[in-house]
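Peer 1: Sharing a structure here in structure tokens format.
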């Protein structure tokens, strides 16, 4: 695997190193040793799958706080998505800054989302499917979220929002004093 640093400390784009032959290729999508060498969380408590019927669907922006802060490894396995990460770490020099990465079945990239980063996506194709390896169990008491259209964050989604859940649409805007 190749780990590409992003402008947000601790967040990485993870590319496959394909070993090709006449059959196709083989590649590792996760290696505890390689992740650990970079100081990344290696525990996997859950694997989740998100299927999205319509292009323009928005999911997120979600994160969990302590004691259930979670890291995620996110990969698009069908279609394509515009994946967004927002730094929610108190005191971080990049607090409320975000990056966006296109993940697709074609580019086979993944993104490592550190603890206390909000993550969300918009589907770029109909019938897009995303797989998440998550370090902690879902904990409703620790769950937090951000509005997809919060001007304090300023995400430029590539498409008009076609579908969003009532829960995701109801997350609060970031108050001037800190995270929701």
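Peer 1: Out of 60, 79, 56, 10, I need the residue that is surrounded by 12 or more Cβ atoms within 10 Å (Cβ to Cβ) and in contact with a helix residue (DSSP H, G or I) (Cβ under 7 Å, 6 or more places away or on another chain). Which one?
Peer 2: 60
Peer 1: Restricting attention to segment 115-136, which residues are more than 23 Å from residue 161 (Cβ to Cβ) and in a loop (DSSP other than H, G, I, E, B)?
Peer 2: Passing the criteria: 115, 116, 135, 136.
Peer 1: Tell me, please, whether a residue that is surrounded by fewer than 18 Cβ atoms within 10 Å (Cβ to Cβ), more than 26 Å from residue 79 (Cα to Cα), out of contact with any helix residue (DSSP H, G or I) (no Cβ under 8 Å at 6 or more places or on another chain) and in contact (Cβ under 8 Å) with a residue 24 or more places away in the chain can be found in segment 158-175.
Peer 2: Yes, segment 158-175 contains a residue that is surrounded by fewer than 18 Cβ atoms within 10 Å (Cβ to Cβ), more than 26 Å from residue 79 (Cα to Cα), out of contact with any helix residue (DSSP H, G or I) (no Cβ under 8 Å at 6 or more places or on another chain) and in contact (Cβ under 8 Å) with a residue 24 or more places away in the chain.
Peer 1: Yes or no: segment 26-46 includes at least one residue that is under 15 Å from the mean Cα position of the chain (by Cα), in contact (Cβ under 8 Å) with a residue 40 or more places away in the chain and part of a strand (DSSP E or B).
Peer 2: So far as segment 26-46 goes, yes, one or more of its residues are under 15 Å from the mean Cα position of the chain (by Cα), in contact (Cβ under 8 Å) with a residue 40 or more places away in the chain and part of a strand (DSSP E or B).
Peer 1: Kindly check whether there is at least one residue in segment 93-114 that is closer than 23 Å to residue 154 by Cα, in contact with a helix residue (DSSP H, G or I) (Cβ under 7 Å, 6 or more places away or on another chain) and either assigned to a strand (DSSP E or B) or in contact (Cβ under 8 Å) with a residue 60 or more places away in the chain (or both).
Peer 2: No.
Peer 1: Do you know which residues across segment 4-25 are within 24 Å of residue 93 (Cα to Cα), touching a residue at least 60 places away in the same chain (Cβ under 8 Å) and not in a loop (DSSP other than H, G, I, E, B)?
Peer 2: Hits for segment 4-25 are 12, 13, 14.
Peer 1: Return the residues of segment 83-92 that are touching a residue at least 40 places away in the same chain (Cβ under 8 Å) and surrounded by fewer than 20 Cβ atoms within 10 Å (Cβ to Cβ); say none if nothing qualifies.
Peer 2: Scanning segment 83-92 gives 90, 92.
None of the figures in this text is laboratory data; all of them are computed from the coordinates on show. Owing to the predicted nature of the structure, the values given are computational and were not obtained by experimental measurement. Backbone-built Cβ (ideal geometry, glycine too); neighbour counts: all protein chains shown.
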